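What follows is a set of notes on a single structure, which appears directly below.
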Amino acid sequence: MTTLTPVLSRFWDAKSSWTLDTYHDNDGYEALRSAVAMAPSAIIDAVKASGLRGRGGAGFPTGMKWGFLPPADGGPRYLVVNADESEPGTCKDTPLMLASPHLLIEGIAITCYAIGAERAFVYLRGEELHVYRRLLQAVAEARAAGYLGPDVLGTGRTIEVVVHAGAGAYICGEETALLDSLEGRRGQPRLKPPFPAVAGLYARPTVVNNVESIASVPSIIANGADWFAGMGTPKSTGYGIFSLSGHVTRPGQYEAPLGITLRELLDMAGGVRAGHELKFWTPGGSSTPIFTAEHLDIGLDFESVATAGSLLGTRALQIFDETTSVVRAVLRWTEFYAHESCGKCTPCREGTYWMKQVLRRIEAGQGTAEDIDTLVDTCDNILGRSFCALADGAVSPITSAIRYFREEFEAGMHTPAWDLFPYHRSAVVPVGELAGASA
Amino acid sequence: MTYPAVVEARLRAEAAEIIARYPVARSALLPMLHLIQSEDGYVSPGGIALCADIFGLTTAEVSAVATFYTQYKRHPNGRYTVGVCTNTLCAIMGGDAVWDRVSEHLGIGHDETTADAAITLERIECNAACDYAPVVMVNWEFFDDQSPESAVELVDRLRAGEAVAPTRGAAEVVGFREMSRVLAGFPDGRAGEGIGAGPKTVVGLKLARERGWVAPAAAARSTDSEVTSAPPTRKDA
C-alpha cells in the first residue's frame, strides 16, 4: 500500500503558515544555508541525481534543464518560475503559494545560486490577488532576512526576485509565450530552437521551471538526492501533489509518491460521491487524454500513464461519475481551447473553432452522420501541426472521449446530451432543474 | 483625453518605479496597464496614450498588448468583477446553474455591467481551485464551494455596499481599482489577512496525521524516531 508523504504540504495547517517565522519553525532556509556551502555544480549534480522531473506537466528532468545553460559569459542569466497555473483541473501551485510562499522563495534562492543567476522572476497569473500579496510579502521578508538581496547569507552573491502578475491568458503557461509576455508583449509562443536555456528572457540564457519543481529543491538539498529518489518509481522519483476534484467524497490536495494509483487515492478520499460510480477522469488536466474505470490501477508516474495512452501532466485528477455527459465535458473544454488559442497557428486557431461548432451540434442532438469523422479528421490536422502544446492538448479530450464513449457522440445525432444525462444530476449543490445547454 | 497634470505626474513617477524592477523597460507594460486600470477603471484611451509615450511605442502597439489579455477591460468596469467559473469541472458541479441564476438575477450577461456600476459579470475559465468547485471569483479573490443561492446572496451584498470576505483571501474584497493597484505591484498591506489553507487544501495532510503517515527519513536525520517509523513508500513500478 502506498501512503501519503507530506513534504511540501507538511506545515500548511500551521497558524500563519505563510510567514517567515512559521517557515523558520519548520526548518525554513536551512537548505539554503547548506546550499551556499556547496559548489554550485554540486547542487546541480544533486538535483540531477534526485531524478526530479518538471512538475508543470511535461516532466523534463529539472537538473538536466539547468545543465543545458551555456558556460557563463559574463552577461546575465535568469530563472523564471512559471506560476501561471491555468490548466483546467490543476490546482496545486496556487494553494502551495498561498500557504507556504517561502518554500518557493527558498527554492528560487538555491536555484539562482546553483545556476549563477542574479535575478529571478515569478510569473504569476493575474487572477490570484491574494497569492500575489503573499508572494510579494514573502520576497520582502526573505530580503530583509538576508536570504535574498545584494549579499545572500554573506556569500557576496546577489539574488533579486521580482514577482510579476500576468493579466489573464492560459497560453502564458507555455514557457516561450510566458517569456514574451514577461517582456511586455502579447503572449505568443516562440519557435524552438533556440530553447530558453540558450536564448530565453531578453535573449539571454534562461531556466523556466514550474512552482512545484522549484519548491521541491530545498527538500532535496536538505535530505539528499537518495532520499528523494527513494520515493516514487525508478524513473519517476519523489513525491508530488495530487489534486482530486469533482465527484469525489473528499476532494483536495494529497501529497504522495509518484506511482500511487487513483484507486489508492480514491480510497483515501472516501471514494466517488456516495451512490455513484466512476465514469471517466483526467490524470493530469484537460490536456491529458481521459481515462476510465479500467485505468484505476495504473501507477500515476510518467511512464505508466504514458504506456496506458495518456500523460501524467500536473496530477490534476478530475473525477466524473456516471451522471456526467462526456459530450458536455468535452465541448466545454473545447470552448476553452478555442477561447485561449493565441491565434498564431492556423490549425489551432481555426480547428478549435470548428470543433467547438461541431460539438455544440452534437450536444444539442443535432449532429450529422459525418460529425464524428469530421472531429477525428480535424484532430489529425491539429495534432503536431502547431508551435506549442496547446493545440495538442485541445485534441486530447476529443480523441480520447470518442475512443471510450463513441456511442455518446453517435447519440448526439438524434438526442440532446441534456436529455441523456440531465445536467442537474451531476451538480453537487442544489441547482433546481437545468434547462438544457447553458449559455 | 489626457490626465490632469498632477495625475499624470504621479502616474509617470509610479511608472518609473515599476520600470526600475526590470532590466528592460518594456517588461513594465503589463503592470503599467494594471496601474492604468487602478486610475481609470479600465484601459482608457488616455492610459494607452500615456503608456505609448512612456515606452516609446505606438498606441496601436500598446492596444495590441492590452487586447490580448482578458483582465484588461475595454470599457469602464464595475466596482466588482464577479467571475463565475464555467469551465468543465465547475460547470458540471453546479457552475452552469450558478451562472444562470446570477445572470438572470442581475439581468446582465458576460462582460456586462449593472446599471449601478457595482458589478461586471464574467464567465471565467479555470481559476486553479477545482477542489472547491463550484468557484466564484470576486475581484480575483476566491469564493469557494458556491451554489446558485449563495452566489445570488453574494452579489446582493456587493450591490448593497456591504463588506464581503472571500473564503481564502483578504479580510474583505477590495474594489476593482484597489485590486488593480496591487496587481501593478504596489502592496496594500493585506497579505497577512485571511487563512493559509482552506479545509480541502489540507485534507491529505490531516489524513496523513491521523494515520501516522510521513515521508521517509533522510539518512542524516535517522535519529528522529517519529520519522523513522514511516513505512516504505517506494513502488517498484
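The values are calculated or read from the model by the stated rules, or taken from the named source; none is laboratory data. Note that the coordinates shown come from a computational prediction; the quantities given were computed from them, not determined experimentally. Glycine also receives a Cβ, built like all others from the backbone with ideal geometry; neighbour counts cover every protein chain displayed.
Some points to look at:
- Every condition in (1) more than 12 Å from chain B (Cβ to nearest Cβ); (2) of a type outside the set (A, V, I, L, M, F, W, C); (3) closer than 28 Å to A:T155 by Cβ; (4) assigned to a loop (DSSP other than H, G, I, E, B) holds for A:G59 except the one numbered (3).
- The one condition in (1) away from chain B (no Cβ under 11 Å); (2) more than 30 Å from A:T352 (Cα to Cα); (3) in contact (Cβ under 8 Å) with a residue 60 or more places away in the chain that A:P289 fails to fulfil: (2)
- Boolean, A:T307 is at pLDDT 95 or above, surrounded by fewer than 22 Cβ atoms within 10 Å (Cβ to Cβ) and out of contact with any Leu (no Cβ under 9 Å at 6 or more places or on another chain): yes
- Flag for A:T206 being hydroxyl-bearing (S, T, Y) and surrounded by fewer than 24 Cβ atoms within 10 Å (Cβ to Cβ): no
- Here A:S304 fulfils each of the conditions (1) outside any loop (DSSP other than H, G, I, E, B); (2) closer than 20 Å to B:I92 by Cβ; (3) at the interface with chain B (Cβ under 10 Å from one of its Cβ atoms) apart from (2).
- Within the range B:124-144, none of the residues are assigned to a loop (DSSP other than H, G, I, E, B) and hydroxyl-bearing (S, T, Y).
- None of B:V84, B:V102 is among the aliphatic types (A, V, I, L, M), more than 9 Å from chain A (Cβ to nearest Cβ), within 30 Å of A:F280 (Cβ to Cβ) and in contact with an Asp or Glu (Cβ under 9 Å, 6 or more places away or on another chain) except B:V84.
- Selected residue (criterion: nearest to B:P187 (Cα to Cα)) from residues of the range A:108-129 that are buried (at least 24 other Cβ atoms within 10 Å of the Cβ) and touching an Asp or Glu at 6+ places or on another chain (Cβ under 6 Å): A:L129
- Residues of the range A:75-113 classified as in a loop (DSSP other than H, G, I, E, B) and either farther than 18 Å from A:L201 by Cβ or at the interface with chain B (Cβ under 9 Å from one of its Cβ atoms) (or both), total: 10
- Filter result for B:Q37 (part of a helix (DSSP H, G or I) and within 14 Å of chain A (Cβ to nearest Cβ)): yes
- A:L278 vs. criteria without any contact (Cβ under 8 Å) to a residue 60 or more places away in the chain and out of contact with any Ser or Thr (no Cβ under 7 Å at 6 or more places or on another chain): yes
- A:D45 vs. criteria part of a helix (DSSP H, G or I), among the acidic types (D, E) and surrounded by fewer than 22 Cβ atoms within 10 Å (Cβ to Cβ): yes
- The set of residues in the range B:126-172 being more than 12 Å from the chain's Cα centre (by Cα), at the interface with chain A (Cβ under 8 Å from one of its Cβ atoms) and charged (D, E, K, R) consists of B:D131, B:D145, B:E149.
- Residues being within 9 Å of chain B (Cβ to nearest Cβ) and farther than 17 Å from A:T158 by Cβ - total across the range A:114-130: 6
- Of all residues in the range A:190-215, exactly one satisfies the criterion of being within 12 Å of chain B (Cβ to nearest Cβ) and either at pLDDT below 95 or over 18 Å from A:V161 (Cα atoms) (or both), namely A:A203.
- Meets criteria (touching a Ser or Thr at 6+ places or on another chain (Cβ under 9 Å), crowded, with 18+ Cβ neighbours inside 10 Å, more than 14 Å from chain B (Cβ to nearest Cβ) and modelled with pLDDT under 95) for A:F387: yes
- Any chance A:G156 is in a loop (DSSP other than H, G, I, E, B), buried (at least 19 other Cβ atoms within 10 Å of the Cβ) and either more than 9 Å from chain B (Cβ to nearest Cβ) or at pLDDT 95 or above (or both): no
- Whichever residue in the range A:237-253 is more than 7 Å from chain B (Cβ to nearest Cβ) and out of contact with any Pro (no Cβ under 9 Å at 6 or more places or on another chain) and, among such residues, is surrounded by the fewest Cβ atoms within 10 Å (Cβ to Cβ): A:T249
Residue-wise test of (1) buried (at least 20 other Cβ atoms within 10 Å of the Cβ); (2) in contact with a helix residue (DSSP H, G or I) (Cβ under 7 Å, 6 or more places away or on another chain); (3) at pLDDT 95 or above; (4) assigned to a helix (DSSP H, G or I).
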| site | (1), (2), (3), (4) |
| --- | --- |
| B:A163 | no, no, yes, no |
| B:A171 | no, no, yes, no |
| B:S180 | yes, yes, yes, yes |
| B:F186 | no, no, yes, no |
| B:E193 | no, no, yes, no |
| B:G196 | yes, yes, yes, no |
| B:T201 | yes, yes, yes, no |
| B:L207 | no, yes, yes, yes |
| B:W213 | yes, no, yes, no |
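- Remark: pairs (first residue in the range A:330-354, more than 14 Å from A:V395 (Cβ to Cβ) and of a type in the set (K, R); second residue in a helix (DSSP H, G or I) and modelled with pLDDT of 95 or more; Cβ separation under 6 Å; 6+ apart in sequence or on different chains) = A:R332/B:T88; A:R332/B:A91.
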